[in-house]
Amino acid sequence: MGAKVLERFPAGSPRGSWPAEEYAARRRAEGQPATVVMDLREDAFLVVVPAEDD
């Protein structure tokens with residue numbers, strides 16, 4: 001199972017700021033099964049959805 005990256009957010013956000021989680025919550029409110037994962041190599045949070053099988 002693959003995943004499609006919707007958006008990337010740098011991990012160094014100000015304290016109390018969770019832009020990746022907020023973005024994912026908005027996508028979930030629209031009906032997309034968005035999840036936040038950490039890309040350790042890039043030091044970023046990724047908002048992903050399951051990849052559609054073609």
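The values are calculated or read from the model by the stated rules, or taken from the named source; none is laboratory data. This is a predicted model, so every value here is computed, not measured. Here the Cβ positions follow ideal geometry from the backbone for every residue, glycine too, while neighbour counts run over all protein chains shown. For the accessible areas, the whole protein counts, side chains as well, though only heavy atoms, and no ligand, DNA or RNA atoms are used. Shrake-Rupley method; radii C 1.70, N 1.55, O 1.52, S 1.80 Å.
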Next on the checklist: For the list (1) touching a residue at least 12 places away in the same chain (Cβ under 8 Å); (2) open to solvent by 90 Å² or more (accessible area, probe 1.4 Å), I need the number of the one condition that Leu40 fails.
Outcome noted: (1)
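How about the stretch 6-25: which of its residues are among the aliphatic types (A, V, I, L, M) and assigned to a loop (DSSP other than H, G, I, E, B)?
Taking the stretch 6-25 first, the residues among the aliphatic types (A, V, I, L, M) are 6, 11, 20, 24-25.
Once the filter is applied, which keeps residues that are among the aliphatic types (A, V, I, L, M) and assigned to a loop (DSSP other than H, G, I, E, B), the stretch 6-25 yields only Ala11.
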Next on the checklist: Anything in the stretch 26-37 that is open to solvent by 90 Å² or more (accessible area, probe 1.4 Å) and either in contact with a Cys (Cβ under 7 Å, 6 or more places away or on another chain) or part of a loop (DSSP other than H, G, I, E, B) (or both)? List them, or say none.
Outcome noted: Glu30
Item to check | Which listed residue is of a type outside the set (A, V, I, L, M, F, W, C) and surrounded by 13 or more Cβ atoms within 10 Å (Cβ to Cβ), from Pro14, Pro50 | outcome: Pro50
Checklist outcome for this item: Expected output for the stretch 1-14 (first residue closer than 18 Å to Arg41 by Cα, partner in a loop (DSSP other than H, G, I, E, B) and open to solvent by 70 Å² or more (accessible area, probe 1.4 Å), Cβ below 6 Å, 6+ apart or cross-chain) is Ala11/Asp43
